[in-house]
Amino acid sequence: MHKIAAASGIGSQEVKINILSELLKKATKLEARYIARIVSGRIRLGLGDKTILDSLSIAKTGSKEHRKELDEAYHVCPDVGNIAEVYLNRGLKGLEKIDVQLNRPVQMMLCQRVARISEAKEKLGLPVAVEFKYDGERIQAHKKGNDIKLYSRRLDDITGQFPDVVEQIKKNIKAKTVIIEGEAVAVGSKGNLLPFQKLMQRKRKHKIEEYVRKIPVCLFLFDLLYLNGKSFIHMPYFQRHNALKKIVKETNNIRIASRTICRTVDCIEQFFENIVKKGGEGVVIKSLSKDSFYEAGKRGWNWIKWKPEYAKGLRDTFDLVVVGAFFGRGRRAGTYGALLCAAYNKVKDRFETFCKLGSGFTDKQLKELPEKFKRFVVKTKPARVLIEKEMKPDVFFVPEIVVEVTGAEITKSPNHTCAKEKGQGLALRFPRFLRYRDKKPEDATCVKEILRMFKKK
DNA sequence: CTTGTCTGCCCC
DNA sequence: ATTCTGC
DNA sequence: GCAGAATGGGCAGACAAG
């Protein structure tokens, strides 16, 4: 398998295929099954890093009693191997010494969610800080003199992607050593925020400098984890934020994230409405209490995110026609993993795809999918269905069953045919299943309506 | 050289 | 990203 | 509530095939 991984360049695919086929020839049936799963990366054990921490504690003490300490160390030093070595050799004493360290990324703190905005008040009390939630990429920046490193949410080193951000930090962050966090967003010539899809074009290996000019980025900072030799993660949020404000010299390409302090729920709602108008994704509501620490690696209640789509009853939903499906993998083997959904084009009397749908089903609903759709399966694409050639469902359905679907927003799409014009269609971001609808496919949400919603944005 | 297809401890 | 489920 | 595993849209990259 090392040989397979190491092969690259012209002809490498064939080399990989040959090694694998030899391996499979030598294997028993059962071995072959697992070899196939390993190479295809689809082996699932139901056991992740967190469960390994449990097992470490049990190995040493016979119980999970050290799990909390292991967790804390792991969040600051996200390397199970390292944690295991320190813990097994030096025990809790060793773990205690693991602290925030420059050029070793800290697991990022995440937001909790609520169903109603008033719940934020119940959880956090008042006042709270309310921050603009930018639609970009989370970045944790480490500055050690002139040595700058950038890390992604999954803690990958992405310094090479953003030489412009590195330069901004070098010039405009007044601290010798510091760890700060923010959201990188693509911006237009007037400083206007651009969609996430634009920013993603910066996620490249070649022509980086060209794209630095083509798609400028602004880093909106919102936290500080470390300053001049001292960890700040066990300090309250307002203290971290104050320290951050002191060291940032704002420019068009590096700023403090827009925010306000609210003493009422009305104020939160007002700020939120304003942000949605400006094209923001939503807001993050942050605790101002004395124990509002940076909860590394956790989805804690100190931060709560609120997006328009969370408001039940207010959010837009779509009634879409199911025109195809994809076989499921892993725990969804034997049923469909996702349905291909389309809107109805009244003028042309056809169905145009808008999204695939694989989230929001209960296990029971999933299990029942093949039976439910059995009557409508056809081998080839029905004439009234319009699908991109890259989109290849495992089965097609005669348009008949209608599902109610929700999602975050409508985006331009190269993969879907809904309202397609000049090679660009429309798609639904973060789609999820709500329920089946008892209506005719011709009464589904029409393409014109989706186009109108997209333009309104 | 273009086009097609698949992948990513990918980003959201 | 969202969602569901076993513990 | 945590941990894990399903799944989405969409981007650039890396090859293979033509």
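Please work out, to two decimal places, the log10 of the ratio I(q)/I(0) at q = 0.17, 0.18 Å⁻¹ from a Debye calculation in which every Cα of segment A:110-311 carries one identical scatterer. Scattering profile of segment A:110-311, log10 relative to I(0): -1.19, -1.32. Legend: distances between Cα atoms for A:Lys144/A:Lys230; A:Lys171/A:Lys286; A:Lys97/A:Lys144; A:Lys121/A:Lys305; A:Lys278/A:Lys298; pairs beyond 24 Å are A:Lys171/A:Lys286; A:Lys278/A:Lys298.
With an a/c value of 1.5 or above and a/b not larger than b/c for the gyration tensor axes a ≥ b ≥ c computed over the alpha-carbon atoms, segment A:266-364 is described as oblate.
The ellipsoid equivalent to the alpha-carbon distribution of segment A:49-96 has semi-axes of 14, 12, 9 angstrom, derived from the gyration tensor eigenvalues as √(5λ) and listed largest first.
About the centre of its Cα atoms, segment A:103-253 shows a dipole size close to 200 debye [charges on the beta carbon of Lys, Arg (+1) and Asp, Glu (-1) only; nearest 20 debye].
Just report the Cα centroid separation between segment A:377-421 and segment A:159-180, whole Å. About 44 Å separates the Cα centre of segment A:377-421 from the one of segment A:159-180. Modelled this way, with points 7 Å down the Cα-to-C-beta line, the labels at A:Asp99 and A:Met391 are 5.5 nm from one another. Working note: Cα atoms of segment A:317-456, range along each principal axis, descending, whole Å: 39, 30, 29.
Dividing the helix sum by the residues of chain A, where each DSSP H run of 4 or more adds -39500 (n - 2.57), gives a mean residue ellipticity at 222 nm of -9500 deg cm²/dmol.
Kindly identify segment A:107-183 as rounded, prolate or oblate by the Cα gyration tensor criterion: order the square roots of the eigenvalues as a ≥ b ≥ c, call it rounded if a/c is under 1.5, otherwise compare a/b with b/c, prolate if a/b is larger, else oblate. Judged from the Cα gyration tensor, segment A:107-183 comes out prolate (a/c at least 1.5, a/b above b/c). With each label modelled as a point 7 angstrom along the Cα→C-beta vector, the A:Tyr436-A:Asn172 pair spans 5.5 nm. Computed over segment A:177-281, the percent of Cα pairs more than 21 Å apart is 49. The order of A:Ile17, A:Ile410 by accessible area, most exposed first and with a 1.4 Å probe, is A:Ile17, A:Ile410. The residues of chain A have, on average, 55 Å² of accessible surface per residue, using a 1.4 Å probe with all protein chains present. Take each peptide in A:415-421, A:431-437, A:305-311, count the other Cβ atoms within 10 Å of every residue, and average; sorted highest first, the result is A:415-421, A:305-311, A:431-437. In percent, rounded to a whole number, the relative contact order of chain A is 12, using alpha-carbon pairs under 8 Å and six or more apart. Shape analysis of segment A:1-149 based on the Cα gyration tensor places the equivalent ellipsoid semi-axes at 39, 25, 21 Å, largest first. Using a probe of 1.4 angstrom, how much of the accessible area of segment A:72-171 is carbon and sulfur, in percent? Here carbon and sulfur together make up 43 percent of the probe-accessible area.
Of the residues A:Arg116, A:Arg329, the one with the largest accessible area comes first in the ranking A:Arg329, A:Arg116, computed with a 1.4 Å probe on protein heavy atoms. By the Stokes-Einstein formula, at 1.306 mPa s and 10 °C, segment A:318-383 with its Kirkwood radius over alpha-carbon pairs has D equal to 124 µm²/s. In this Cβ point-charge picture (+1 for Lys and Arg, -1 for Asp and Glu), chain A has a dipole of about 640 debye about its Cα centre. In order along segment A:117-134, phi translates into HN-Hα couplings of 5, 5, 5, 4, 5, 4, 7, 9, x, 9, x, 9, 8, 10, 10, 4, 9, 7 Hz, rounded to whole numbers, per the Karplus curve 6.51 cos²θ - 1.76 cosθ + 1.60 with θ = phi - 60° and x for Gly and Pro. By the Stokes-Einstein formula, at 1.002 mPa s and 20 °C, segment A:371-440 with its Kirkwood radius over alpha-carbon pairs has D equal to 155 µm²/s. Per-atom-type breakdown for segment A:347-457 gives carbon and sulfur 51% of the accessible area (1.4 Å probe, protein chains only). Partners of A:Lys143 within straight-line reach, counting aspartates and glutamates whose Cα lies under 18 Å from its Cα and excluding those fewer than 8 residues away in the same chain: A:Asp99, A:Asp156, A:Asp157, A:Asp164, A:Glu167, A:Glu181, A:Glu183, A:Asp223, A:Glu250. If the Kirkwood radius is taken over C-alpha pairs of chain A, then at 4 °C and 1.567 mPa s the Stokes-Einstein diffusion coefficient equals 51 µm²/s. For segment A:64-198, the spread of Cα positions along the three principal axes, ordered from largest to smallest, is 56, 44, 28 Å.
The values are calculated or read from the model by the stated rules, or taken from the named source; none is laboratory data. Values in this document were obtained by computation on a predicted structure and should not be read as measured data. Here Cβ is always computed from backbone atoms with ideal geometry, including for glycine, and neighbour counts include all displayed protein chains. What goes into the accessible areas is simple: the full protein's heavy atoms, side chains included, and nothing from ligands, DNA or RNA. Shrake-Rupley method; radii C 1.70, N 1.55, O 1.52, S 1.80 Å.
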